[in-house]
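Student: Before I ask anything, here is the structure I am working with.
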Amino acid sequence: MSDASDPALATYFSNHALGRRFPWSLYHAPIDRALQRFLGDLPKGSRVLNVGCGMFLNLPDLPAGLRYTGTDIDPRAVEACAARHPGVEFVRSEPLSLPFPDATFDAAYATEVIEHCDRPEAWLREVMRVVRPGGRILLTTPNYDSTSLKLLEATALEVVARFQGFTRKGIHPFRCTAPTLEALIRAVGGVAPHADVISMGWVIAVTFTVPGRAS
């Protein structure tokens with residue numbers, strides 16, 4: 001599918017691309033650096049799942065030698081990614097039903113996804129299901145302990161959204177802080193996560209190891 005032939009798809013592409021430009025890069029560039037560090041620690045040949053891959057625009061910049069799979073709820077993203085990145089697996093999925101067997105991947109990550117989940121516990125449990133015991137997971141999400149982030153979302157970002165024909169109100173049903181995200185991971189996975197606050201305090205980046213499964 002050509003983004004030039006479909007105005008709605010062209011807008012979808014351009015919205016994803018904004019994250020790589022100033023001033024949006026103030027938010028997104030530290031996320032990319034956190035992801036680079038996370039992936040850089042993985043052995044060559046590791047299978048890595050990108051949950052909610054969107055347009056996967058940063059794929060060419062990620063460490064080589066890893067076997068990437070992308071999955072997204074939006075069929076436009078899956079179709080476009082498959083066309084742009086031949087040889088990489090892309091699969092459409094529902095948030096609470098990933099189409100992979102247990103323990104398929106050595107690592108998984110989801111950048112700016114969990115905040116869109118109205119059932120974050122079930123979503124997290126499903127992501128953990130497809131990662132092998134001992135595998136690693138990285139999550140990033142807006143930090144709603146940041147007053148400046150909440151102000152930006154209610155003002156400038158809402159104005160931009162209205163100009164584009166939608167509203168940001170209600171798009172993040174799971175608005176968490178670092179302590180609430182860590183508490184969720186401990187409750188679901190029984191593990192101790194490590195959280196960093198990055199991007200001028202606007203983003204939480206948390207990593208943790210998937211525990212062994214009970215026999």
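The values are calculated or read from the model by the stated rules, or taken from the named source; none is laboratory data. Note that this is a predicted model, so its numbers are computed, not measured. Cβ coordinates were reconstructed from backbone atoms using ideal geometry, including for glycine residues, and neighbour counts include every protein chain displayed.
Student: Name, by its number, the condition in (1) closer than 20 Å to Val197 by Cα; (2) basic (Lys, Arg); (3) surrounded by fewer than 11 Cβ atoms within 10 Å (Cβ to Cβ) that does not hold for Lys169.
Tutor: Exception for Lys169: condition (1).
Student: Residue under question is Ala110, and the condition is that it be out of contact with any strand residue (DSSP E or B) (no Cβ under 8 Å at 6 or more places or on another chain) and closer than 26 Å to Leu26 by Cα; does it hold?
Tutor: Answer is no for this residue.
Student: Continuing with the same structure: Check region 14-34 and report whether any residue there is among the hydrophobic types (A, V, I, L, M, F, W, C), more than 20 Å from Asn143 (Cα to Cα), at pLDDT 95 or above and surrounded by fewer than 18 Cβ atoms within 10 Å (Cβ to Cβ).
Tutor: No, there is no match, as no residue in region 14-34 is among the hydrophobic types (A, V, I, L, M, F, W, C), more than 20 Å from Asn143 (Cα to Cα), at pLDDT 95 or above and surrounded by fewer than 18 Cβ atoms within 10 Å (Cβ to Cβ).
Student: Any residue in region 87-97 that is at pLDDT below 95 and over 28 Å from Arg175 (Cα atoms)?
Tutor: yes
Student: Hey, among the residues in region 81-134 that are surrounded by fewer than 21 Cβ atoms within 10 Å (Cβ to Cβ) and hydroxyl-bearing (Ser, Thr, Tyr), which one's nearest to Gly65 (Cα to Cα)?
Tutor: By that ranking, first place goes to Thr104.
Student: Only one residue in Ala83, Ala103, Ala64 is farther than 21 Å from Ile171 by Cα and free of Cβ contacts under 8 Å to residues at least 12 places away in the same chain. Which one?
Tutor: So the residue among Ala83, Ala103, Ala64 that is farther than 21 Å from Ile171 by Cα and free of Cβ contacts under 8 Å to residues at least 12 places away in the same chain is Ala64.
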